[in-house]
Amino acid sequence: MLTCPQCGQTAAEGTRFCERCGQGLLTPALKAVSPALVPLAVGSILKGGFEVIELQSQNSLENRYRVVREQAGAKVNYQLRERSGPQAEREAAMPAEPAAASVGNGAASAATATTAPAEEDPAGPRAKTAELKPVSSADSGTQTAEQSDPAIESTEAGPLLLTDADALGAEAETAKPAEPGAAGGEDLGDVFGRVLALSTTLKHAAFQRALEGFAENGRVYLVYPDEPLRPFSERPGGIKMSELEAVNVAIQLCQAVGFLHRRALRLNDICPESVGYGADGRLKVTGLESVSNDNELQAEPIFNDGYTAPEIYRARKVDKRADIFSIGALLYSCLTGERLESESWREEGGAIPFYPPHVVTPALEQEVRRALVFSPEARWPNVDAMKAELVKLASITQVRAGAMTDVGMVRELNEDIVMTVEYRRDSQVEPAERYLYVVCDGMGGAAAGEIAAAIAVTTIRNYIESGIGSTPGEDLGQLLRLALEEANSKIIEYQAAHPEARGMGSTAVGLLVMPPRAAIAWVGDSRAYLLENGALRQVTKDHSLVERLVEIGQITAEEARHHEHKNVITRSLGARASGPAGAEAVEFRLKRGDRLMLCSDGLTAHVDDAKIGEVLRRHSDPVAATRELVVAANAGGGTDNVSVMVVFAD
């Protein structure tokens, strides 16, 4: 039986790839290392004072432990990786036949290194890359936790001996030859030596880095901080996620891979088992042993079926665009929950199944397909170009809204009016997008209140549509506030022409969105709320008598809800014979995930803020949230007309 070194799944002899994670199984190391390395007993004491307190995991190649060491009078926890010593490692890697045709032959790699043409951009797809050599005892020593600050990025060559100019354009450095796998005078073998060398150089939060390494009793060890890293493959609910989550995962991977590419390296192995979630929820790459340069394929290349670029399978010239394929393959899994069926990709491009059954936004589907093109030349030219397109997709805000108005349980006439105006022009030449939402609560008795509200919504719409785009960088809040003041003027004009309508008026609250910008303007006691990061707050401030009493401290907010003069407002459209209505406005940046609600006072008279927040959080459909809020107001008494608009930014 074979045991997968990535996930521990067992498979029959001769199986080429792990059924669970796609890891290649027919490598010399896997054939030789059997049975698994016998783990140390709990309580074992290792060099440096490390005491084993728990065996965390075991596979056919290595064991992982949680250990503790006393430092400065306190016990500090670490994690430990353990493998067989370098002698066993080299015996296992020794080919049964001459390796002239094997992937990653050292002589072939060296020849390629001397003939590959140089390019100015070290992050470009065909640029020369670094030749990895482990750190020497003189250069490395023991790396402390303080030296491994992930926020610090190294710009020096460190243990990497460059074969060409580095990412900053400096000339290649020379360094003293280092013994393979040496750390503090000890031979850690090719794998652990490589990981420790990279750990001292790749000072970036996206990589899990070893603090130090040592050898003891024929085994080698790497020491890591005791941080909770959950494998991506063990994500609760499975690897499938929403499009926004999946794109954010791919962007983080592009950032990490771009960091490597600028240092003339490739990652090679990006799959659900080589990526983990850190304590802060961000991704970390856990497999530094798979890092290499463009001029070599490792003697035992890591094949993760469904995630490895086809040129690696085919033992062809490999460059940084292989990482773009792997990022695209992982993004495909995040969107569909499935591993790319890539059996045919070793010889020719295979089909990439989406619909049916997987429904993915067309623009995002095209991004994935470009990353997974069989020929490297047809993919993104570099990982930064791929990231730029993903960031553009992630910044798109989809606005959805629900609107409803109801006469309530007591009134016979509904004098509220709601208006939604949604405009989108998807054009390469002149794209445009804007959304206008308005709630007006008419006053004045008979049909006068409804007329005032109708004049208001019509005027506001006309003013906004004629004013949009007239001033570059215009103030949306000012534009919307002036629209309300124009509605005030039109209502006053109507009253002058129709003396019987004197006393008519309307409150108003409006939302104008031009993603990612948004503005709210209001007059009277119609309100706007914003649910942001799960917390609800009232954006508007009522122009009412009880609000003024709350401001000066005469009553509390709770007392205001039941005050005998709670319906007395101090400002409205058409309230004065002349002059402005006193509308106010605020402008803000709309973020994905924000939820807004506009309403007349018929809602807030019967539904408190806590209930409003609970409904907005619970529903994924703005129409459903709108309907429940109206129903809740009627269930609470429905003494007034009730109007609600709910807007989601997705």
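The values are calculated or read from the model by the stated rules, or taken from the named source; none is laboratory data. This is a predicted model, so every value here is computed, not measured. Reconstructed Cβ throughout: ideal geometry from the backbone, glycine too, with neighbour counts over all protein chains shown. All accessible areas refer to the heavy atoms of the entire protein, side chains included, with ligands and DNA or RNA removed. Shrake-Rupley method; radii C 1.70, N 1.55, O 1.52, S 1.80 Å.
Between residues in region 219-241 that are under 15 Å from Leu330 (Cβ atoms) and residues that are polar (S, T, N, Q) and open to solvent by less than 40 Å² (accessible area, probe 1.4 Å), which pairs lie under 7 Å by C-beta distance while being six or more apart or on different chains?
Ile239/Ser333; Lys240/Thr336
In region 572-587, is there at least one residue being assigned to a helix (DSSP H, G or I) and not hydrophobic (A, V, I, L, M, F, W, C)?
Taking every residue of region 572-587 in turn, none turns out to be assigned to a helix (DSSP H, G or I) and not hydrophobic (A, V, I, L, M, F, W, C).
Looking only at region 392-437, filter to residues that are among the charged types (D, E, K, R) and touching a residue at least 40 places away in the same chain (Cβ under 8 Å); which one of those is farthest from Ala250 (Cα to Cα)?
Arg411
Could you check region 309-334 and list, in sequence order, the residues that are within 27 Å of the chain's Cα centre (by Cα) and either closer than 16 Å to Ser375 by Cβ or at pLDDT below 90 (or both)?
Hits for region 309-334 are Ala309, Asp319, Lys320, Arg321, Ala322, Asp323, Ile324, Phe325, Ser326, Gly328, Ala329.
Does region 335-347 contain any residue that is surrounded by fewer than 23 Cβ atoms within 10 Å (Cβ to Cβ), modelled with pLDDT of 85 or more and not in a loop (DSSP other than H, G, I, E, B)?
Yes, some residue in region 335-347 is surrounded by fewer than 23 Cβ atoms within 10 Å (Cβ to Cβ), modelled with pLDDT of 85 or more and not in a loop (DSSP other than H, G, I, E, B).
Can you pull out the residues in region 49-76 that are small (Gly, Ala, Ser) and not in a strand (DSSP E or B)?
Correct list: Gly49, Ser60, Ala72, Gly73.
Please enumerate the residues belonging to region 597-621 that are in contact with a Leu (Cβ under 9 Å, 6 or more places away or on another chain) and either small (Gly, Ala, Ser) or in contact (Cβ under 8 Å) with a residue 40 or more places away in the chain (or both).
Listed by number, the residues that qualify are Met597, Leu598, Cys599, Leu603, Asp609, Ala610, Ile612, Gly613, Leu616, Arg617.
When you go through Val421, Val407 one by one, which is the residue that is modelled with pLDDT of 95 or more, surrounded by fewer than 17 Cβ atoms within 10 Å (Cβ to Cβ) and touching a strand residue (DSSP E or B) at 6+ places or on another chain (Cβ under 9 Å)?
Only one candidate qualifies: Val421.
Any chance you could count how many residues in region 424-452 are of a type in the set (A, V, I, L, M) and open to solvent by less than 20 Å² (accessible area, probe 1.4 Å)?
Residues flagged as of a type in the set (A, V, I, L, M) and open to solvent by less than 20 Å² (accessible area, probe 1.4 Å) within region 424-452 amount to 5.
Give me the residue from region 220-233 that is touching a helix residue (DSSP H, G or I) at 6+ places or on another chain (Cβ under 9 Å) and not hydroxyl-bearing (Ser, Thr, Tyr) and, out of that set, surrounded by the fewest Cβ atoms within 10 Å (Cβ to Cβ).
Checking each candidate, the answer is Pro225.
What are the residues in region 580-607 that are open to solvent by 20 Å² or more (accessible area, probe 1.4 Å) and closer than 17 Å to Asn634 by Cβ, if any?
Asp601, Ala605, His606
For the structure I just gave you, tell me whether Arg548 is closer than 20 Å to Asp441 by Cα and at pLDDT below 95.
In short, no.
What's the number of the only condition in (1) surrounded by fewer than 18 Cβ atoms within 10 Å (Cβ to Cβ); (2) closer than 25 Å to Val220 by Cβ; (3) at pLDDT 65 or above that Met94 fails to meet?
(3)
Would you check which residues across region 361-388 are crowded, with 20+ Cβ neighbours inside 10 Å and of a type outside the set (A, V, I, L, M, F, W, C) and list them?
Selection gives Glu367, Pro376, Arg379, Asn382, Lys387.
For Ala264, state whether it is at negative phi and modelled with pLDDT of 85 or more.
In short, no.
Consider Asn59 carefully, then state whether it is under 19 Å from Gly218 (Cα atoms), in contact with a Cys (Cβ under 8 Å, 6 or more places away or on another chain), touching a residue at least 12 places away in the same chain (Cβ under 8 Å) and open to solvent by less than 70 Å² (accessible area, probe 1.4 Å).
yes
Can you report the number of residues in region 608-642 which are within 30 Å of the chain's Cα centre (by Cα) and open to solvent by less than 10 Å² (accessible area, probe 1.4 Å)?
Total satisfying the criteria: 7.
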